1. Considering only segment 60-82, I want to know if a residue exists there that is over 30 Å from PRO153 (Cα atoms), surrounded by 19 or more Cβ atoms within 10 Å (Cβ to Cβ), modelled with pLDDT of 75 or more and of a type outside the set (Ser, Thr, Tyr).
2. Any idea which of LEU109, LEU13 is at pLDDT 80 or above and either open to solvent by 10 Å² or more (accessible area, probe 1.4 Å) or farther than 29 Å from VAL293 by Cα (or both)?
3. More than 20 Å from VAL270 (Cα to Cα), of a type in the set (S, T, N, Q) and at pLDDT below 80: is that true of THR21 in this structure?
4. Within the group LEU55, LEU41, LEU35, LEU89, which residue is of a type outside the set (D, E, K, R), at pLDDT 80 or above and surrounded by 22 or more Cβ atoms within 10 Å (Cβ to Cβ)?
Amino acid sequence: MDVLGLGVATIALFVGFGLFTGILFGFFGMGGSFLVTPALLVVGYPVPVAVGSGLAFVFATSAIGTLRHRDYGQIDYRLAVVMIPGLTLGIEVGKRAVFSFDDAGAADLFVSAAYVALLGLVGIVTLWDAHRDSDGYDEVGFAARVAAIRLPPRITLAGDRTVSVWVILVVAGIIGTLSGFLGVGGGFLLLPAVIYVLGVPVPIAVGTSLFQITVSGAYGAFVYADAGAVALPTVGSLLAGSVFGVRIGAGATRLVDESELTGYFAVLLVAGSLSVATAALGDHLGVEALNVVSVVLVFGTPVLVGAAVVLTTVCRRRRGMPRDPRSIR
């Protein structure tokens, strides 16, 4: 039995996947396409459709999560507004690159390679940071050097750090280009950039990231939908589960400390990188077992990490533990 072109089992799979990824995306301040797009690639969607559907999903989940973080006062609206022009221009550049590569028959290769490299690199760096239990606000760190750039105009961000508007626009432009190329809202790059480059406290960075991704995801979804590259039934199935998960994840940020948050985040990034790498290797070598491993990684990791987030949150709520005092900044 098919519903809107999808089998009942497929719909159930996407709804369940959406639930657990929604928990994680509300928790980490990302719209979710950094796992959704690889998942769609793994199960056989064409590259432009996987990219466009990922951006459509990211828009909706980010909007839900943004409302939750707004209630907690965890959004730096000044930073978000300044980043919009850079992100928007970058997404358009990335989209044009995807369709150019697709016309040349090389989109799958380039998008997969970019996913493996970026997810793996950011994941390893984040995991290393979580392991050394750094809170990311060391005044001799990279964010302090960025703040030392005196090019006017400058604005003051949450955490009392003053940064050049031009620096913010450059960061936004780079993230926007990668977002449009990979079919992601940019959260797995935007969140670390806001924390480690701009020096914004983690809870504010999470909320601001979601707000910004809502804007960039809306634009990205529009340009791909206009090109007929969004699978609406698939996106709808994912959203049916994520609408509940995002709210759970957003509330969990108040009870989980920063080192745990970055640790969970790193695991997801590395798993996403490995899933795309094993799928590409399996297709190249004709080894079906590698494709099975890829599917297990991309669908299983969000379930395991999402369950860990919920369990940690429930246990701390029962013990009446306050959130990490470092997050109150």
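The values are calculated or read from the model by the stated rules, or taken from the named source; none is laboratory data. The shown structure was predicted, so the numbers you read here are calculated from the model rather than taken from an experiment. When we count neighbours, we look across all protein chains shown, and the Cβ atoms used for this are built from the backbone with ideal geometry, even at glycine. Accessible surface areas use protein heavy atoms only, side chains included; no ligands, DNA or RNA. Shrake-Rupley method; radii C 1.70, N 1.55, O 1.52, S 1.80 Å.
1. Looking for residues that are over 30 Å from PRO153 (Cα atoms), surrounded by 19 or more Cβ atoms within 10 Å (Cβ to Cβ), modelled with pLDDT of 75 or more and of a type outside the set (Ser, Thr, Tyr), one finds at least one in segment 60-82, hence yes.
2. LEU13
3. no
4. One residue alone meets the criteria, LEU55.
Every residue, every condition in (1) at pLDDT below 70; (2) open to solvent by 50 Å² or more (accessible area, probe 1.4 Å), yes or no:
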residue	(1), (2)
ARG247	no, yes
LEU261	yes, no
ALA266	no, no
VAL276	no, no
LEU285	no, yes
VAL293	no, yes
VAL296	no, yes
PRO302	no, no
ALA308	no, no
